[in-house]
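Here is the structure we will look at.
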Amino acid sequence: MKLGIVVVAWNALDYLMEMTKTIRSAHPHIIIIVDNHSTDGTTEWVEQQLDKEPNRWALLIREKHFSCGSNRNAGAELALELGCSHIIWSAEDVLLHRNCIDNLVAEHEKNNFLLTAGVSLMPYNLPEYWNKITEPLSKYLAMDYLKWSSQQNTKEAWIWLVKNFSAIISQKLDACIPHESYDSPAESVVACVRQDFFDKVGYYDEGYTEVAVEAVDLIHRCNLASGSWENRKAWSTQLSLFFHWGGGCFITNEIDWRSHHDKIMVQSYERYLKKWGEYPLAEKWATPVPQPSLWDTEDTYEKLTRAAKK
């Protein structure tokens, strides 16, 4: 077994440096950084890691900016070329539990899933852990961290937080005891597949501009490849936990996340409706987390459907 851990990076070097410190596995593995046309020194930093550990790192430089699906596909293709038996997709703005990767692979093999995803630690799924982990952040900010993170905060403030609190969060995350339970994998940014996944399901649809809908599309195809909903073979396991800062590349590239998210979500939702006819219900697949502005007062599906059909 050899793991290819694919991480897409786009001008978020401070996040990436902290994230890679949390990559641990007892299996042979290679960290594949897909540099999505960064200009912040990401390429040079990864090249330094390559010089130090040439057998543990690989770098794929994109000549222009591509969608997340395109970058994840490119990273997976490189992993296959390098002889990896399993691909672990991750994001640059996460911190992994010490057993996140190996538990993910173990659950994937035990259950013979097509795709197994990790679970982001959040207040709605593991509130007791969330409160302990974010307590230092809230104390420093003098307000609830989740409330602070939902506001328009500066790039400098976020970077300072990531650089100074990642080690604390990782230490607290290490002490968590994950639960053995499963959920929809559509929202997770950490997922495991085997090399035969692409013959059975295919790659990410690169036509989507919103990663959440790309993932829903991929999971839908996993369901189709499983034969039936009852026999579905795409799940996420809380034995594989991670902390997700969220929006790292938007923050570091100083993009107005809310207006950007609203626009591309409608575009992606329209593509999904044309392709599959209807959007999956919440009780079947997790849907993109409702955010302010587009979802303020009306039902998510009704509002998105109306916007997409205009």
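Of note, ILE133 satisfies the criterion of being touching a residue at least 60 places away in the same chain (Cβ under 8 Å), in contact with a strand residue (DSSP E or B) (Cβ under 7 Å, 6 or more places away or on another chain) and assigned to a helix (DSSP H, G or I). LEU224 fulfils the conditions (1) more than 20 Å from ARG194 (Cα to Cα); (2) at pLDDT 70 or above except for a single criterion, (1). Which residues, counting only those in the stretch 236-285, are assigned to a loop (DSSP other than H, G, I, E, B), modelled with pLDDT under 75, in contact with a helix residue (DSSP H, G or I) (Cβ under 7 Å, 6 or more places away or on another chain) and not hydroxyl-bearing (Ser, Thr, Tyr)? Result: PRO280, TRP285. Is it true that SER90 is at pLDDT below 95, within 15 Å of the chain's Cα centre (by Cα) and either of a type in the set (Ser, Thr, Tyr) or within 18 Å of CYS249 (Cα to Cα) (or both)? Criteria not met by SER90.
Table: residues versus (1) closer than 25 Å to ASN99 by Cβ; (2) surrounded by 14 or more Cβ atoms within 10 Å (Cβ to Cβ).
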position	(1), (2)
SER138	no, yes
LEU141	no, yes
ILE159	no, yes
GLU180	yes, no
ARG194	yes, yes
TYR203	no, yes
VAL216	no, yes
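The set of residues in the stretch 18-54 that are in a loop (DSSP other than H, G, I, E, B) and either closer than 21 Å to LEU96 by Cα or touching a helix residue (DSSP H, G or I) at 6+ places or on another chain (Cβ under 6 Å) (or both) comprises THR22, ILE23, ARG24, SER25, ALA26, HIS27, PRO28, ASN36, ASP40, GLY41, GLU53. One residue stands out among those in the stretch 170-221 that are among the polar types (S, T, N, Q) and part of a loop (DSSP other than H, G, I, E, B): the one that is nearest to the chain's Cα centre (by Cα), which is SER188. Among the residues of the stretch 128-153, the one identified as out of contact with any helix residue (DSSP H, G or I) (no Cβ under 6 Å at 6 or more places or on another chain), closer than 19 Å to GLY248 by Cα and among the aliphatic types (A, V, I, L, M) is LEU146. The single condition among (1) in contact with a Phe, Trp or Tyr (Cβ under 7 Å, 6 or more places away or on another chain); (2) closer than 30 Å to PHE197 by Cα; (3) not aromatic (Phe, Trp, Tyr) that THR134 does not meet is (2).
Taking the stretch 50-92 as the range and being polar (S, T, N, Q), out of contact with any Lys or Arg (no Cβ under 9 Å at 6 or more places or on another chain) and touching a residue at least 60 places away in the same chain (Cβ under 8 Å) as the test, the residues that pass are SER67, ASN73, SER90.
The values are calculated or read from the model by the stated rules, or taken from the named source; none is laboratory data. Every value quoted in this text rests on a predicted model; they were computed, and no experiment measured them. Note: ideal-geometry Cβ built from the backbone for every residue, glycine included; neighbour counts use all protein chains shown.
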